[in-house]
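One structure below.
The values are calculated or read from the model by the stated rules, or taken from the named source; none is laboratory data. Owing to the predicted nature of the structure, the values given are computational and were not obtained by experimental measurement. Please note: Cβ atoms are built from the backbone with ideal geometry, for glycine as well, and neighbour counts cover all protein chains shown.
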Amino acid sequence: MKYIERQVNVPLCAVSTTSGLVNKTGTWKFAQPLFIDRVSPCNQQCPAGEDITGYMYLAGQGKFEEAWRLIMEENPFPAIMGRVCFHTCEEICNRKDHDEAVSIHTVERFIGDYALSHGLKIIVTQTEKDKKVAIVGAGPGGMSAAFHLRRMGYTVTIFDSNQSPGGMMRYGIPSYRLPNEVLDGEISRLYDIGIEFKMGVKVGKDITWDSLESQFDAIFIAIGAYEETSLGIEGLNKDGIFNALEFLHEIDLGKSPKIGKRISVIGGGNSAIDCARASRRLGAEVIIIYRRSEAEMPAHGEEIEMAKEEGVQF
Ligand code: SF4
């Protein structure tokens, strides 16, 4: 058996060089299998750049720690991504044309949970470098950069104005989709490898930019995209009207915003669905109002179906 030379020896895939229709009666000896090494569609589609075929192969052999370590080469948050990523890898899976896509994200979630329940740790093998990096923003981008830089041996400090790290993962995704213990479990590994978190510190207010520049060799800005789209109509500042991020943030802080019994959510994206489902959990009757058809909603189809199952009206 030939193997692809990667970190994981996934067997090469043999493909036919010709259609079976060209030879209905004769011998097939002339048709030799061709071994092709190509990056699979799922690997190409993964925004985190994970070696999906590699870790699926390892997981299939029961090598869950090895599978986890392979994911961690690219992405420090498999238990999180296995829950909240919209698994674009599965949209393009070849298997879906046969019956259904391989459920990659559930395997990723299982591997992430396996690592959490078995207390698997990140191993930093690089020698320490005499360089310090400041990262502004403790969201997924900032923490991923910190993780990779730390593994390369840099001393890393993250600054964030919130009290807890996680950014959008903590304050923009409801905990029924991403439980705080999973989020905290994955983030705790970053503390374990020596990344320093300075929370509740707003750069530009609590610490000056000049001070950062003088203390660090490099600065990475990962402040995210918190700007929301406005409806651009009058009356948006009245009581009982919330914007999505403010609403989800309050819920994550354990508050129960006063939304009343019957609410409408305007918009058809994933944040709208999150707000609608979170409102259902607060006991409200919820109607989503969207200007186009359901097929044109930017929200993920799976999320729309789950919202319907939970009683959200469209
Ligand atoms: S579910 Fe995981 S493997 Fe699939 S695209 Fe998202 S991060 Fe990549």
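Could you run through segment 181-240 and say how many residues are of a type in the set (Asp, Glu) and in the same structural domain as Pro165 (by TED's automatic domain parsing)?
Adding up the residues that qualify gives 9.
Out of Arg277, Arg281, Arg262, Arg292, I need the residue that is buried (at least 19 other Cβ atoms within 10 Å of the Cβ) and either at positive phi or charged (D, E, K, R) (or both). Which one?
Selected residue: Arg277, the only one of Arg277, Arg281, Arg262, Arg292 that is buried (at least 19 other Cβ atoms within 10 Å of the Cβ) and either at positive phi or charged (D, E, K, R) (or both).
Quick check, is Asn243 free of Cβ contacts under 8 Å to residues at least 24 places away in the same chain, surrounded by 14 or more Cβ atoms within 10 Å (Cβ to Cβ) and over 30 Å from Val156 (Cα atoms)?
When the stated conditions are applied, Asn243 passes them.
Please state which of the following conditions Val84 fails to meet, knowing it meets all the rest: (1) within 19 Å of Gln44 (Cβ to Cβ); (2) of a type outside the set (Ser, Thr, Tyr); (3) within 15 Å of the ligand (Cβ to nearest atom).
(1)
Can you list the helices (runs of 4 or more DSSP H) found entirely within segment 199-297 that contain at least 1 residues being modelled with pLDDT of 95 or more and closer than 26 Å to Gln313 by Cβ?
270-281
When you look at Glu181, is it of a type in the set (D, E, K, R) and under 21 Å from Ala278 (Cα atoms), yes or no?
Yes; evaluated as a whole, the condition is true for this residue.
When residues of segment 165-198 are filtered for being farther than 18 Å from Ile221 by Cβ and in a loop (DSSP other than H, G, I, E, B), how many remain?
So the count comes out to 10.
Taking Gly137 as meeting all but one of (1) away from the ligand (no atom under 12 Å from the Cβ); (2) at negative phi, write down the number of the exception.
The number of the failed condition is (2).
So which residues in segment 96-127 are within 14 Å of the ligand (Cβ to nearest atom) and not aliphatic (A, V, I, L, M)?
Residues satisfying the conditions are Lys96, Ser103, His105, Thr106, Glu108, Arg109, Phe110, Gly112, Asp113.
Does any residue of segment 82-91 turn out to be closer than 30 Å to Val201 by Cβ and touching a Gly at 6+ places or on another chain (Cβ under 6 Å)?
Pass one, segment 82-91, residues closer than 30 Å to Val201 by Cβ: 83-85.
Next cut, touching a Gly at 6+ places or on another chain (Cβ under 6 Å) only: none.
No, segment 82-91 has no match at all.
For the subset of segment 41-73 comprising residues that are among the acidic types (Asp, Glu) and more than 9 Å from the ligand (Cβ to nearest atom), which member is farthest from Leu120 (Cα to Cα)?
Among those that are among the acidic types (Asp, Glu) and more than 9 Å from the ligand (Cβ to nearest atom), it is Asp51.
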